[in-house]
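Here the structure is laid out as structure tokens; the discussion comes afterwards.
The values are calculated or read from the model by the stated rules, or taken from the named source; none is laboratory data. Quantities reported herein were computed from a predicted structural model and do not represent experimental measurements. Methodologically, a virtual Cβ is constructed for each residue, glycine included, from the backbone with ideal geometry; neighbour enumeration extends over all protein chains shown. Surface areas here come from the heavy atoms of the whole protein model, side chains and all, with no ligands, DNA or RNA. Shrake-Rupley method; radii C 1.70, N 1.55, O 1.52, S 1.80 Å.
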Amino acid sequence: MSIQAHFQQAFEHHRHGRLHEAETLYRQVLQAAPRHADALHLLGVIALQVGQPAAAAELIAQAVAVAPSANRCSDLGNALLALGRRDEAIASYRQALALQEDFAEAHCNLASALLEGDEIDAAVASGRRAVSLKPALADAHGNLGNALARQGRLDEAVACYAQALRLQPGLAVVRGNLGDAQGRLASFQGLA
């Protein structure tokens, strides 16, 4: 079986959630072709999926070094953020956006990372860009809601949270944030 056939088989396993099988095949691809950027990247994604962000960051960084792409840079940012390396994550998200300016998920992730560092205005701008690029991205609405809530713009935050829940009703954290924002809004209105 060719390297590409092994990779395709691994990718199909990965796509269907069979992570162990995918990992085994990605590793076989890397034994034959140690600089196979897609196998490095997706093996790193599996590491992130199973809670191994250090391994994920190492593998995805190797993939980025071989062949930079917006997806790889954004996924590297996710691994770095999971490791608490926020500034490096922000740089990686920005690299992703330099490669693909209209990458909604990278804008969404950047908004979250910026918010962690209290860069609230920049987080709002990234959140708005993510929502404008991909209105069906529930996480973008949730992250924008978080940034707007931190600015005290509770009416707008409530609207963002509600939209996120319309798109993806199972987002428990967003549901909690919505309740908190509504409670804060009601207490402010009660004081008026």
> Can you list the HN-Hα couplings for segment 18-29, worked out from phi with the Karplus curve (6.51, -1.76, 1.60; θ = phi - 60°), rounded to whole Hz and with x for Gly and Pro?
Replying inline: 8, 5, 4, 5, 4, 4, 4, 6, 4, 5, 5, 4
> What residue among 135, 70, 44 has its Cα farthest toward the positive end of the dipole of the chain, where the charges are +1 on Lys, Arg and -1 on Asp, Glu, each on the Cβ?
Replying inline: 135
>> With +1 on the Cβ of every Lys and Arg and -1 on the Cβ of every Asp and Glu, and nothing else charged, how large is the dipole of segment 76-178 about its Cα centre, in debye rounded to the nearest 20?
In response: 240
> Going through segment 22-122, which GluC sites (Glu not before Pro) have at most 14 other Cβ atoms within 10 Å and a DSSP loop state?
Replying inline: 101
>> Tell me the per residue accessible area of the chain using a 1.4 Å probe; a whole number in Å² is fine.
In response: 50
> Summing Lys, Arg as +1 and Asp, Glu as -1, what charge do residues with Cβ under 11 Å from the Cβ of residue 154 carry, residue 154 excluded?
Replying inline: 0
>> Given the DSSP H assignment, sum -39500 (n - 2.57) over each helix run of at least 4 residues in the chain and divide by its residue total; what's the result at 222 nm in deg cm²/dmol, nearest 500?
In response: -26000 deg cm²/dmol
> How much space per residue, in cubic angstrom, does the convex hull of the C-alpha atoms of segment 1-160 take up?
Replying inline: 109
> Using unit Cβ charges (K, R positive; D, E negative) and no other charged atoms, how large, in debye to the nearest 20, is the dipole of the chain about its Cα centre?
Replying inline: 220
> So, counting K/R as plus one and D/E as minus one, what does the shell of residues with Cβ under 12 Å around residue 71 add up to?
Replying inline: -2
> Taking 0.36 nm per residue of separation and subtracting the Cα-Cα distance, what length does fully extending residue 27 through residue 54 add?
Replying inline: 8.0 nm
>> Given a Förster distance of 25 Å, report the FRET efficiency between residue 101 and residue 67 from their Cβ-Cβ distance, rounded to the nearest 0.05.
In response: 0.85
> To the nearest 0.05, how large is the calculated FRET efficiency for residue 150 and residue 186 if R₀ is 30 Å and r is the Cβ-Cβ distance?
Replying inline: 0.95
> Working out 0.36 nm times the residue gap between residue 20 and residue 87, then minus their Cα-Cα distance, what length gain in nm do you get to one decimal?
Replying inline: 20.9 nm
> So what are segment 27-85's ellipsoid semi-axes, whole angstrom, largest first, if each one is the square root of 5 times an eigenvalue of the alpha-carbon gyration tensor?
Replying inline: 18, 13, 8
